[in-house]
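Engineer: Dropping a structure here in structure tokens format, bear with me for questions.
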Amino acid sequence: MLNFIFRRFLQAIPTLLILTMLTFALMYMAPGSPFLTEKGMPAEVLANINAKYHLDLPVWEQYLIYLGNLLQGDLGPSFRYLDFSVNDLVWPSLAVSATIGGWSLFIAVTLGIIIGMIAALNHNKWLDYTLMTTAMAGIVLPTFVMAPLLVLVFSYKVKWLPAGGWHGGDWQYLVLPVFAMATHLVAQIARITRGSLIEVMSSDFIRTAQAKGLPYRTIILRHAFKPMMLPVVSYLGPLFVGVLTGSVIIDVFFGTGGIGQHFVNGAINRDYSMVMGITVLVGVMYIAFNAATDIMYAFIDPKIRY
Amino acid sequence: MLFKHKKVVSQLAEPMVFGSQIIEGRSLWQDAKRRFLRNKAAVGCLFVIGVIVLFSIFGSQFAQYSYEEIDWLALSDPVELGKPSLETGHYFGTDNLGRDLYARTVQGSQISLMVGILSSAVAIVIGTLYGATAGFIGGRVDMIMMRIVEILSALPFMFMVIMLMVMFGRQIILIFIAIGAVSWLDMARIVRGQTLSIKNKEYIEAAHACGVSHWRIIVRHIVPNVMGIVLVYASLMIPGMIMFESFISFLGLGVQEPQTSWGALISEGVVSMEFALWQLAFPLTFLVITLFCFNFVGDGLRDALDPKER
């Protein structure tokens, strides 16, 4: 097992290298330079600045320097917010995103599995149809639609909750962002769980368990639950992506100050180092999460050889 | 020799006659069609999609304004004069700049549907051929090809696409390329799996024995046989693409003004939803209904083409 985990992480290395190469290449090819101002500056000063930021070296050397800095956790200075490094800006907002994302994941997984199981155990009855139609609505309503709708209803019409802001993470400020992000994910997980449980319930070992006269609860919890979880677990990787991309919308719309906000602002301001830093950061988390999902999968599924 | 062979085949394909009764064989596709047509929800949704496509093509015929023309009267007070009404000719009202929302919704539908369908088509062509090739040739080629897919799919492409859009400007063609480049990966994986399961079938062996080239076997024998699953996946991919484009447009990184898309319209509508709800409601309705219908059609197709359901 340890061997498998170790190998899985080794496999992530080439992916990470390609990720950094791609982002670096994009940045290198990007039109314009952060140091070209409207007034222009003396050639000597520009040459000095270029030397300082290694822009006068050949590409591959620049890449190696960039990679070296990255390995030391240095994402470089922001091109837009003078005198701030990308690290200074990113880490506080990562905490915000982690709070919102963590709650959303928690709600999505628990609620999704429960709804999916209820629907599956009432297969082809009205409860199943109602739940699955609702889930479909949750799927077709993307986060960027859900967020405005929630604000419209709960902030403008009934005025229960604030329409945005963070305020140190008070619960009132958390509710709408978390729900806006979680709806879509709950619906997805519910659908996957339902399909999976229906298939599991029609398999031979469940029939055997029923023939033995086991109580219904034991059959579900002991025998059906684990195989049911397999597709759900393999969805956790994409789920994490959903949280990351969802956070872009959430931060822009609610102004919560999470990492997504920096990404979009950086993109609009052409703050290349910021956008790149976040792309690499998100990429690393994403790849790590995929690896973790694989390992978890191997734990649950005895058929997987490692 | 070859002609004779063809003749035999054509005789086999003719319906068999038992007495006065004609018994016709039903192909997989005919079966699937029957099952699909019995699914009321899916057929209804297919019809709705048809209507929306027609709307995006011919809707501009009924518009009183062009999608970039500014109605200065409505601009003076978009909340009151820009309301949806039949008298002013603004069926869906106007946006905050006094542009006719009906015409803009038609235009947005065109872009959104085009992005959805074309980029899915790109992804499906690349993915199917790639997957079929990898699965059919097998061995080391397969290993390398699938390793590439694995590495590419481990990258956070959503972020890469946004980065691309920022650095090289907002061009619709770039959206196609970027989205298409991302989404063929899953397709390739699915098709490869299917190909592996059919490549040792007798008819493939027969084609080998006849001396058909690899490429022709892939295109003529493998691809048609994986078409079922490709079709199901495609119908679920289109709403994904539409959503992705809307997502990018919502962030203000998608289509360039004065062109628009559902996502861009929604993002404009959100700003003024407190006092002019129609600006959000119309494009949102179109987006949601389309996504809903594509998902239902996809589910219907999956049920219809599932061999277990016979």
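Engineer: Multiply the residue gap between A:L71 and A:T208 by 0.36 nm, knock off their C-alpha separation, and tell me the result in nm, one decimal place.
Structural biologist: On the way: separation 137, 0.36 × 137 = 49.32 nm, distance 5.45 nm.
That works out to 43.9 nm of additional length.
Engineer: Which shape class, rounded, prolate or oblate, goes with chain A when its Cα gyration tensor gives a ≥ b ≥ c as root eigenvalues, a/c under 1.5 marks rounded, and past that a/b bigger than b/c marks prolate?
Structural biologist: Note, shape of chain A comes out oblate.
Engineer: Under Stokes-Einstein, with the Kirkwood radius over Cα pairs standing in for Rh, what whole-number D in µm²/s applies to the protein assembly as shown at 25 °C and 0.890 mPa s? It would help to have the intermediate numbers written out before the result.
Structural biologist: Working: Rh = 27.3 Å.
For the chosen part, D equals 90 µm²/s.
Engineer: A follow-up question, please. Once all Cα-Cα distances of the stretch B:187-298 are split into 10 Å bins that start at 0, what whole-number percent is in each one?
Structural biologist: 13, 29, 20, 16, 13, 7, 2, 0
Engineer: For the stretch A:139-257, just say rounded, prolate or oblate: build the C-alpha gyration tensor, square-root its eigenvalues into a ≥ b ≥ c, call rounded for a/c under 1.5, and beyond that prolate if a/b exceeds b/c, oblate if not.
Structural biologist: Because a/c hits 1.5 or more and a/b exceeds b/c, the stretch A:139-257 counts as prolate.
Engineer: Which links in A:K159/B:K83; A:K159/B:K40; A:K157/B:K40; A:K303/B:K199; A:K159/A:K226 stretch past 31 Å when you go from one Cα to the other?
Structural biologist: Going by Cα-Cα distance, A:K159/B:K40; A:K157/B:K40; A:K159/A:K226 fall outside the 31 Å limit.
Engineer: What are the aspartates and glutamates whose alpha-carbon lies under 18 Å from the alpha-carbon of A:K212, with same-chain residues fewer than 8 places away excluded?
Structural biologist: Within the straight-line cut-off, A:K212 pairs with A:D204.
Engineer: Just to check I understand the Karplus step: with θ = phi - 60° and J = 6.51 cos²θ - 1.76 cosθ + 1.60, what whole-Hz values come out for the stretch B:240-252, glycine and proline as x?
Structural biologist: For the stretch B:240-252, the Karplus-derived couplings read x, 5, 4, 5, 5, 5, 4, 4, 5, 5, 4, 6, x Hz, x marking Gly and Pro.
Engineer: Ignore the peptide's own chain and count Cβ atoms of other chains within 10 Å of each Cβ in A:142-150; give me the average, rounded.
Structural biologist: What the average comes to for A:142-150 is 6.
Engineer: Sticking with this one: Quick one: what are the phi-derived ³J(HN,Hα) couplings along the stretch B:43-50, Karplus 6.51/-1.76/1.60 with θ = phi - 60°, whole Hz, x for glycine and proline?
Structural biologist: 5, x, 5, 4, 4, 4, 4, x
Engineer: Can I ask one more? Taking amide H positions as placed in the peptide plane 1.01 Å from N, state which residues far from A:S85 in sequence (5 or more) or on other chains have amide H under 5 Å from it.
Structural biologist: For A:S85, the qualifying residues are A:S78.
Engineer: Using a simple spin-label model with points 7 Å from Cα along the Cα→Cβ vector, what separation in nm is obtained for A:V233 and B:Q64?
Structural biologist: Between A:V233 and B:Q64, the simple spin-label model gives 6.2 nm.
Engineer: What's the center-to-center distance, using Cα atoms, between the stretch B:213-273 and the stretch A:82-130 in Å?
Structural biologist: So the two Cα centres are separated by 25 Å.
Engineer: How much length is gained on full extension from A:K52 to A:F4, taking 0.36 nm per residue of separation minus their Cα-Cα distance?
Structural biologist: 12.9 nm
Rule-based calculations on the coordinates, nothing more; no lab input. These figures come from a predicted structure and were not determined experimentally. So basically every Cβ, Gly included, is an ideal-geometry build from the backbone, and we count neighbours across all protein chains shown.
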